[in-house]
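This report concerns only the one structure given below.
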Amino acid sequence: MKILFADKFPDSGMAQLCQQGHECVSQPDLDGNTLVEAIGDAEVLVVRSTRVTSDAIAAAAALHLVIRAGAGTNTIDIEAAAARKIPVCNVPGKNAIAVAELVIGLLIAIDRNIPDNVIDLRAGQWNKKKYAAAKGLYGRHMGIVGLGAIGLAVAQRARAFGIQVYVVDKPDRKPEMQEQISKLELQTVPDLPTLLACCDIVSLNVPAAPETRGLVDSTFLAAVQPGTIILNASRGDVIDEAALLKAMDEKGVRVGLDVYADEPAASQSSFDSQLAMHPNVYGTHHIGASTDQAQAAVADGVLEIIEAFDTGLVLHCVNGQV
């Protein structure tokens, strides 16, 4: 099969596919517009962040499979693909550890004001009195909103710090997840307002979906405690940014972000974001899943999907039985 990689992909993975007889074309600098011209006769399309529009789907003369080298598929028009009976598959869970590590890193950075420490030292300023003030993490109360693979990985790491972790009780959870909740001694609460009322740290780990868009709105933020730390390494549109800006100014909410509602699609660009520049925000550049370890694991997942597709099996299809 002819496989087009529209984002960076490990050379070792492409070499393995070539050894299996596939034709691999690497064009990692494509974007949502240039993909339309480039997709041509590709039979398999592999993307990370490159947007796959209905125009790109329509321009693909021979496309049989789209693979998102990661979990979220909100940048792919899965309905347009389904209309042409093209399965869209993802690689869930492979980057959960990397994202969870960044979430915990942001939490520590906020509690100890690490970025500001570094900035002052690089500017030749010594201010031990200012930066010695930190609450600490042991015994804090963290609410996990979205207990999938990433949420569970965050919970595991938070528990290692001695943080009490709370999740909303859902009776339809799979037995293996219920077992993990019990093993980690996570506290279950009946609903989201109860969780927000008892936690001073909140980690958002939900997928992009109509029901999660704008989840963190004025009502949500009215329920959080003053000074709460909110962490979001899921999707930018989960947060109503205007409401969050107000909560930071009025309630002293502090925030760790890896994603933004209007973040650039390109890997390098100017970014004029009032939220990202707020002094209560420590932000990163949507790099949660970008460790070498995570990318190697995701690449293995992509290869697994392609090998299975070669035998007539579709793995991790997100747009139904097409």
Counting only residues that are touching a Ser or Thr at 6+ places or on another chain (Cβ under 7 Å) and under 19 Å from A308 (Cβ atoms), which one in the range 1-50 is surrounded by the most Cβ atoms within 10 Å (Cβ to Cβ)? F5
State which residue is farthest from P87 (Cα to Cα) when the search covers only the range 51-69 and only residues that are buried (at least 24 other Cβ atoms within 10 Å of the Cβ) and among the β-branched types (V, I, T). V52
Can you tell me which residues in the range 79-102 are surrounded by 17 or more Cβ atoms within 10 Å (Cβ to Cβ) and farther than 28 Å from Q293 by Cα? A80, A81, A82, I86
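Could you please let me know if I306 is closer than 21 Å to L147 by Cβ and in contact (Cβ under 8 Å) with a residue 24 or more places away in the chain?
Working: closer than 21 Å to L147 by Cβ: no; in contact (Cβ under 8 Å) with a residue 24 or more places away in the chain: yes.
Spelling it out, it is not the case that I306 is closer than 21 Å to L147 by Cβ and in contact (Cβ under 8 Å) with a residue 24 or more places away in the chain.
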So M177 fits all but one of (1) farther than 23 Å from H278 by Cα; (2) modelled with pLDDT under 95; (3) within 23 Å of the chain's Cα centre (by Cα); what number is the exception? (2)
Does at least one position in the range 44-52 carry a residue that is in contact with a Phe, Trp or Tyr (Cβ under 7 Å, 6 or more places away or on another chain) and either over 19 Å from G320 (Cβ atoms) or of a type in the set (D, E, K, R) (or both)? yes
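The values are calculated or read from the model by the stated rules, or taken from the named source; none is laboratory data. As the structure is a computational prediction, the values presented were derived from the model and not from experiment. In this analysis, Cβ positions are derived from the backbone assuming ideal geometry, glycine residues included, and neighbour counts consider all displayed protein chains.
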